[in-house]
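The structure appears right after this line, and notes come after that.
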Amino acid sequence: MACNRVTATQEIENGIVSFLNGQRTTASLAASARDAARTLKLASANFEAGTIDYTPVFVAEQFLVQQQNAYAQAQGISLWP
C-alpha cells in the first residue's frame, strides 16, 4: 500500500512538472511569435523604403509562420496533455 502511495505521489509530481514546463514553453513561443511579427514589420518597412530587397521580408514571413505554428501546437499540448 505504501508503494502505491509513493508511485501516485511521483506521478502527481511528474504531472505538475510537465504542466509547468509546458506553460513556460508556451509563454516563450508566444514571445517569439510577437518578436517575429515585429521583425516582419521592420523588414517590410525597410523594403517599402527601398533600403533592402524582398529576401529579408520573405525570410521574416517564413519565420513568423513557423513561430505561430509552434505556438499553436504548444497551446494544444498545454490544454490537452
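A short reminder: the numbers here are calculations on the coordinates, not readings from a lab. Since we're looking at a predicted model, the values are computed, not measured. Cβ atoms come from the backbone with ideal geometry, glycine included; neighbour counts cover every protein chain shown.
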As an exercise, identify the chymotrypsin sites (Phe, Trp or Tyr not before Pro) in the chain lying in DSSP coil whose Cβ has no more than 15 other Cβ atoms within 10 Å.
Y54
Where does the charge balance sit around F19 when Lys and Arg score +1, Asp and Glu -1, over other residues with C-beta under 15 Å from its C-beta?
-1
Using just the helices of the chain, give the 222 nm mean residue ellipticity in deg cm²/dmol: DSSP H runs with n ≥ 4 each add -39,500 (n - 2.57), and the total is spread over all residues, rounded to 500.
-33000 deg cm²/dmol
Could you give the dipole magnitude of the chain about its Cα centre, charging the beta-carbon of Lys and Arg +1 and that of Asp and Glu -1, in debye to the nearest 20?
220 debye
What Kirkwood Rh does the chain have if only Cα atoms enter the pairwise 1/r average? Answer in Å.
15.1 Å
